Structures are given as C-alpha cells and as structure tokens.
Amino acid sequence: MASLSNLLHLIFWLYFVGHSSISVALQGLVSINGTAPIAETDNDFVCATIDWWPPEKCDYGTCSWGRASLLNLDLNKPILLNAIKAFSPLKIRLGGTLQDKVTYQSYGSLQPCAPFVQKSSEVFGFSQGCLPLARWDQLNDFFKQAGAAVIFGLNALSGRKIGSDGSVIEAWNSSNAESLLRYTVNKGYPIYGWELGNELSGNGVGARISADQYAYDISQLQNLVQVIYKDFKVKPIVMAPGGFLDVNWYTEFLHKAPYSSLQAVSQHIYNLGPGVATDLVEKILNPSYLDGGLQMFSSLQNILKSSETSAVSWVSEAGGAWNSGHNHITNAFVFSFWYLDQLGMASKYDTKTYCRQSLIGGNYGLLNTNTFLPNPDYYSALLWHRLMGAKVLSTSFSGTNKIRAYAHCSKASQGITLLLINLDGNTTVHIQVSTGNAGSNGSLSMQEQNQTQRKKISRMASNNELLGIFRQEYHLTAKDGDLHSQTMLLNGVPLSVGSTAAIPDLEPEYNYQSNPIDVGPYSIVFAHMPNVTVPACK
C-alpha cells in the first residue's frame, strides 16, 4: 500500500508540474528623460484602412473579407459609426492592392461602372473595377457623420501597360483622377490627403514603377491639387509611394521629386511574414524579433533627413502578416503586443501617422468582419489615441528584456503616460519609474498593491482633491488568459458593446503614485501620471 501511495503521489506531482505555470515576480526600472521630446507625432497618430477586396478574395483556402469593401460595406451599422466617432477624429486611409485597378465614374457618364470580377489571368487576380459616384457620395456622407479624416489612394496605373517583367514605363494618365478630384471639390467633400499608388515602389507587388518616373507622377498630382484646390486655404496633403521600404529606391525618389511635390512619404509594414506562417505568435513574443522592426522606421527617418524634402514619414498600411493575416492571432489579444509595440517604435522615429490594416476586413481588422464588434486591438488603439500625446519621451527599461516601455507627454491633460508591455507569461514585474529631476508628489517605492487594494484606492480617488497623489492605470489582459481570445479585459472586466451599440467606457483604476506599477504576465498597462511634470511636456 505504501508503494502504491508513493506512486499516486508521484503521478499527482508530475501532473501538477506539467499542467501548472509557476508565476514569479521581478523588479524593474523605467527611466524617462523628460528634458526635451525626442520626436513628435500627429495628434491623430492612429489611423485605420478600408480596402477594396471583394468577398471572393481568398488566401490559403480561407475567404476572410466578406462585405468589408469600400464598394459594399454596410454604412448603416450603428456600431461602425460609433467605433469611428469614438476617436474624434480617426484618420481612415481608403486603398489597398486593387486601388491601382479602380476607375472612377465621371459625372454625367453613361458608361457602365462594373465591380471587380475574379479573374486569375489578371494582375492581382481580379478584373478592373469601378467606383460609382453614388457610392462615393454615400462614403463621404458617412465619413462626415463619423468625423473621419479621409486619405484616398489613387490609381497610379491608370492608362499604363505592365510589361512581362512587371515594369511600367509610361507616364501616369491623370485624367480619371482629375475628374474625381474636381467632383469631390464641387461636392464639398473634405479630403485630408491624396496618396498615389499602392506597393509599386522598389520591386513592387504585381507591378513596379521606377523612382524617376514616380517622382514625375507625384509632381503631376501635386500640380492637380494646387489647381483644383486653388481657393482653399488648407489643401489636402499629397503622399507617396505607399510601398515596402527599399532604401535605394526611396532615396532616388526623394532626390528626383521636386521639393514641394509631396508632404508625406509613406511605407507599408508586414514584417511577420505570410498569414499562413505557423510561428507568428513566437515572433510576436520575441523581443529580438520585435527589435528588428526598428530598422524600417530608422531607415526612412535617415532618408528624409539626408534629402532636401520637407515631407514627413507615414505608415499608410500595416497588417503585420500579409495575405489577410491569421484568424485568432492577428485579430486576437496576442496581436496587441505587436501592434502597440509598433506604435511605440514608430513614434520614436518621428512617424506622424500609423494606419492599421484594417479598420474592418480580413483577419486583422480592428472590428470583426461579420459582427462589426471591436476586436482587442480596437481598444488598444483607442487607449493610445486618448492617452498618448504627440510628444515622445526618451525611455529605457532595466530588468527583464520581456518588458517593452514607451512614454509620451499625456494627451489633453497634464503629466506623462507610460505604456508597458509584458511579453512573459509567467512573470509579474514591479516597476519603478524614474524621471530624473522631474517634479512629482512622493518618491517611488517598491510597495505592492493587489487588485483589491487598487479598487479601494479607486474609490478614494473619486475625491478630485486627492487626484494629485494618484495615477490612472489601464491593465489589459486576455479573457481566461488565452492569448488567442478575441475578448479583452480592462482591469479584469471584459470590454463589450451593449444593445445600444455604444463603445464601452474605458475607465481606469487608481493607484498611489508612490507605488510601483505591477505589470502581470502577458499583460499591457497604460499608466497616466498627471502629477509628474517634465520640461518636455510644458
């Protein structure tokens, strides 16, 4: 019996070890240099895209786009309107692969305006499609109601032929674009920017245009904008090339482009590989792999600094994993680690705007393609938009390499806001914050506060007179600890949309400024410290 008992104990012990995770706690220090900002973003830094892909767009046997196209998206869904209005404003870039196969219906034209038709023999797998002016009217009415700032991607292959090697030599035929611009102005539709072409730079995707030719084309677009918007005090910006960064091509393009021909230089980012890849989560949770993303931002910054252009850097499309992403990864909680880290890195290198592929559609939408309900990254984007101001602060972290740390001057409020990302699933990190000689109420100690204590503090902080000694914390975790979950918890409470289709309030917890910030396993924390003052934020 004794041997049987020992055997049962051994089996139980082996089962326990194999089915439990041992959580440990570490200390860490975030150091923030608030002497001066190291970079600055636009106030409306967060942007999202709406694409052209029809329902027949499929990848790896899965058709994930549904009715999320510019041509068929249901604009009468209250949740869609509310999701955009919550940003006040949200930049929305209209474009994608098929934009270079779109014609625009001309006012008074009797020519048929046909949609895209799947055709394997065609470039990008679809025939040419058409944007009816009635649909353009619907879209603009909706965006006005939603308070969106619209960037429209124009067809850069209009009137051109593509060689057998993918090269395009002829000049851009701007006549169809001109008709759309004139119609847009005559209707009084506000456009934030016009972007020419989609992924035609460098080696291109499906087709490619030389840097010299592209410089000429963008000058042509700028001339159109100046003429058509001549009576406007504020004119739309002109952007290009909306492609994957090729240092030599981008350098030549900016060298050849006239100084005032464009206001933003845009790039696309899909640095995780194809959506079908089996190692996406491993890449997302790997600090070294994430660090590799710095190169794209720093390279473009260096190109701009070494050129004579006054244009700024944009990311006009970024979905992480190409070919529509990966279900339950790029639309699940785990993707917020990649997405928020991208926003943090892009900000440090003077990127002014970062457009997420997509607002809706594919497997990487901020909103669910079928239900229109927010995926986890929607809430991550909204918190960034509301909390992280334009001025970026130099930030470093000492401790485990699994913590990613970024700090900005707070948005529309005093103090600074810190973003902390914990890529470790077994470790809670108690983080002190050092801001050098910055003023604050009280030194930062290593006292620990559990969730129950923080809730008590939150009740105390309802007295506005006491707010000066508290900070606001937003702890983001996955439901049931499942990284593939499409439900995000804020301070332990699931974020969900009610029957009124209203976006839920994103309420913080409060903690004493003198306490460390506790960042739990596989969690993300925004910490707003209103009483920490630094010269950079004055």
Nearest 10 degrees, 0 to 90: helix 294-306 Cα axis against the chain principal axis: 50 degrees
So what is the 222 nm mean residue ellipticity for the chain from helices alone, if each DSSP H run of at least 4 adds -39500 (n - 2.57) and you divide by all residues, rounding to the nearest 500 deg cm²/dmol? -8000 deg cm²/dmol
At a Cα cut-off below 17 Å, give the aspartates and glutamates reachable from Lys479, other chains included and same-chain residues fewer than 8 away excluded. Asp377, Asp424
Given a 1.4 Å probe, the accessible area of the chain per residue, as a whole number of Å², is 42 Å²
Measuring from label point to label point, each 7 Å out along Cα→Cβ, what is the Ser306 to Gln118 span in nm? 4.5 nm
When only C-alpha pairs under 8 Å and at least 6 residues apart count, what is the relative contact order of the chain, in percent? 18 percent
Label point at Ser398 placed 7 Å out along Cα→Cβ; residues across the stretch 35-53 whose backbone nitrogen lies under 12 Å: none
List residues of the stretch 371-385, by number, whose backbone nitrogen lies under 18 Å from a label position 7 Å along Cα→C-beta of Ala412. 379-385
From the protein chains alone at 1.4 Å, what is the descending order of accessible area for Lys230, Lys161, Lys101, largest first? Lys161, Lys230, Lys101
If you average the alpha carbon positions of the stretch 188-232 and of the stretch 256-331, how far apart do those two centres end up, in angstrom? 20 Å
0 to 90° range, to nearest 10: angle between helix 376-387 axis and the chain longest Cα axis: 90 degrees
Counting only protein heavy atoms and a 1.4 Å probe, tell me what percentage of the stretch 341-393's accessible area is made up of carbon and sulfur. 44 percent
Tally Lys and Arg at +1 and Asp and Glu at -1 over the other residues with C-beta under 15 Å from the C-beta of Lys77: what net charge comes out? 0
Going 7 Å from the Cα of Ser88 in the Cα-to-Cβ direction, what parts of the stretch 358-402 have a backbone nitrogen less than 16 Å from that spot? 382-388
Debye calc, one equal point scatterer per Cα of the stretch 92-232, no solvent, log10 I(q)/I(0) at q = 0.11, 0.15, 0.18, 0.22 1/Å comes to -0.42, -0.78, -1.12, -1.53
At q = 0.19, 0.26 1/Å the base-10 log of I(q)/I(0) from the Debye formula over the alpha-carbon atoms of the stretch 187-247 is -0.73, -1.05
Structure shown: which of Lys119/Lys161; Lys85/Lys119; Lys101/Lys233 lie over 26 Å apart, alpha-carbon to alpha-carbon? Lys85/Lys119; Lys101/Lys233
Can you give the angle from 0 to 90° between the axis of helix 175-186 and the longest principal axis of the chain, with both taken from C-alpha atoms, to the nearest 10? 70 degrees
Once R0 is set to 41 Å, what does the formula 1/(1 + (r/R0)^6) return for the Cβ-Cβ distance between Asp291 and Ser260, expressed as a FRET efficiency to the nearest 0.05? 0.70
Cα centroid separation - the stretch 346-421 against the stretch 64-108, whole Å: 22 Å
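The values are calculated or read from the model by the stated rules, or taken from the named source; none is laboratory data. The model shown is predicted, which means the values in this text are computed figures rather than measured ones. All Cβ positions, glycine included, derive from the backbone under ideal geometry; neighbour counts span all protein chains shown. Note: areas computed on protein heavy atoms with side chains; ligands, DNA, RNA excluded. Shrake-Rupley method; radii C 1.70, N 1.55, O 1.52, S 1.80 Å.
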